[in-house]
Amino acid sequence: MTTTNDLKEKHDVVIIGSGCAGYTAALYAARANLQPVAFEGIETGGQLSLTTMVENFPGFPEGIMGPELMEAMRKQAERFGARFVSGEVTSVGLSKRPFRVVAGEVAIKADTLIIASGASAKLIGIESEKRLIGHGVSTCATCDGFFFKDKELVVVGGGDSAMEEGTFLTKFASRVNIVHRRDKLRASKIMQDRAFKNEKIKFIWNSVVEEILGSKEGGVTGVKIRDVNTGEVWEKECQGVFVAIGHTPNTKIFEGKVELDEKGYVVTKGNTSFTSVPGVFAAGDVHDIRYRQAITAAGSGCKAAMDAEKFLEEHESE
């Protein structure tokens, strides 16, 4: 592990964030002999570090544990000279090159910067949810739906994400119960209509999940649901809970410094990783509001590193 004391004053490529995007960017930049430095942030390995079995990442016919995949990607990048710092970047200066990157009391300069700080799934905020994440509680139907064939599930949310996740899960589940705190949905009409017409979807209105029942060993067995109008609490049997109340991009430190959309995601130009600031690139869930998959994050990490390499070549005289 590289420490902040081991860093030079200036680096060709600095990467903010880990996960599939950050680690792939580090791998490609390292193989281009750019000696990248990556700050791994508070969630080393990104969202996959919180998952259990990953079965949709190419090359692993039997699947692979999320943390194991992240560790393998990290080691592969290290093999070619990438260095990783277990620190969180607290501020950046992007008004001129080289850029200024501050992590705690340490400040370094970067000729190019790759933003791969990801997006965090919004959670309900209960203890049992954190304890059972990856053990029957999920924030990604595309990632984990396959594990719940013929099971009864609960989806929490009332927006487009919840309708999309719920509808997708009906491909596997015997029934999907959508729990929403209001008596009407926030989702777009087309998404609502699709969900209402699906015979496998049942709605539990004016309700919130108070507790998720189960254990890491045995998985989810049910939920405690509270009616927000009457206060009545009752138990609903289920074998999985999907939290679909949206994501928050980890872009707080970039506000006012690089173009963000209305939801806070980094805006990139066309089919590239270029941001509004020349020399600053974005990869992974920090700019991807559509796919949010491990393999697409890895692909965008590759693009960001290649774009950074090309940028450095074109601006070598500077």
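The values are calculated or read from the model by the stated rules, or taken from the named source; none is laboratory data. Treat the numbers as computed from the prediction; the structure is a model and nothing was measured. So basically every Cβ, Gly included, is an ideal-geometry build from the backbone, and we count neighbours across all protein chains shown.
Within segment 72-93, the set of residues being at pLDDT 95 or above, within 30 Å of His135 (Cβ to Cβ) and surrounded by fewer than 17 Cβ atoms within 10 Å (Cβ to Cβ) comprises Ala72, Lys75, Gln76. Elements of the type strands (runs of 3 or more DSSP E) sitting completely within segment 72-161 and holding at least 2 residues that are more than 24 Å from Gly246 (Cα to Cα): these cover 83-85, 91-93, 99-103, 106-115.
Within segment 184-210, restricting attention to residues that are among the β-branched types (Val, Ile, Thr) and assigned to a strand (DSSP E or B), the residue that is farthest from Asn229 (Cα to Cα) is Ile201.
When Glu211 is tested against (1) closer than 26 Å to Met70 by Cβ; (2) in the same structural domain as Thr139 (by TED's automatic domain parsing), only condition (1) is not met.
Which ones in segment 20-35 are touching a strand residue (DSSP E or B) at 6+ places or on another chain (Cβ under 8 Å) and in contact (Cβ under 8 Å) with a residue 60 or more places away in the chain?
Gly22, Tyr23, Ala25, Ala26, Ala29, Leu34
Checked against the criterion of being surrounded by 17 or more Cβ atoms within 10 Å (Cβ to Cβ), closer than 23 Å to Thr248 by Cα, small (Gly, Ala, Ser) and over 18 Å from the mean Cα position of the chain (by Cα), the candidates Gly166, Gly118 yield just one match: Gly166. Looking only at segment 5-33, residues that are crowded, with 24+ Cβ neighbours inside 10 Å and either of a type in the set (S, T, N, Q) or not assigned by TED's automatic domain parsing to the domain that holds Met70 (or both) come to 2 in all. Residues in segment 292-310: is at least one closer than 25 Å to Ser161 by Cβ, touching a residue at least 60 places away in the same chain (Cβ under 8 Å) and either in a loop (DSSP other than H, G, I, E, B) or acidic (Asp, Glu) (or both)? Checked against the condition, which is being closer than 25 Å to Ser161 by Cβ, touching a residue at least 60 places away in the same chain (Cβ under 8 Å) and either in a loop (DSSP other than H, G, I, E, B) or acidic (Asp, Glu) (or both), segment 292-310 yields at least one hit.
Selection within segment 207-232: residues that are under 18 Å from Gly125 (Cα atoms) and among the polar types (S, T, N, Q). The member of this set that is surrounded by the fewest Cβ atoms within 10 Å (Cβ to Cβ) is Ser215. Count of segment 267-277 residues, restricted to those that are in a strand (DSSP E or B) and charged (D, E, K, R), is 0. Test Val220 against the stated conditions and say whether it is on the phi < 0 side of the Ramachandran plot, touching a residue at least 24 places away in the same chain (Cβ under 8 Å) and either under 26 Å from the mean Cα position of the chain (by Cα) or not assigned by TED's automatic domain parsing to the domain that holds Phe148 (or both). Here the answer is yes, as Val220 does meet what is asked. Of all the listed residues (Ala38, Ala32), the sole one being aliphatic (A, V, I, L, M) and either under 25 Å from the mean Cα position of the chain (by Cα) or under 13 Å from Ser117 (Cβ atoms) (or both) is Ala38. Of all residues in segment 264-287, which are free of Cβ contacts under 8 Å to residues at least 60 places away in the same chain and either among the aromatic types (Phe, Trp, Tyr) or touching a helix residue (DSSP H, G or I) at 6+ places or on another chain (Cβ under 7 Å) (or both)? Listed by number, the residues that qualify are Thr272, Phe274.
Selection of segment 278-291 for residues being at pLDDT 95 or above, surrounded by 20 or more Cβ atoms within 10 Å (Cβ to Cβ), part of a loop (DSSP other than H, G, I, E, B) and in contact with a Phe, Trp or Tyr (Cβ under 9 Å, 6 or more places away or on another chain) yields Gly279, His287.
Restricting segment 233-254 to residues that are at pLDDT 95 or above and among the β-branched types (Val, Ile, Thr), the residue that is surrounded by the most Cβ atoms within 10 Å (Cβ to Cβ) is Val241.
Among the residues examined, Lys263 does not qualify as in the same structural domain as Ile114 (by TED's automatic domain parsing), crowded, with 17+ Cβ neighbours inside 10 Å, in contact with a Gly (Cβ under 9 Å, 6 or more places away or on another chain) and part of a loop (DSSP other than H, G, I, E, B).
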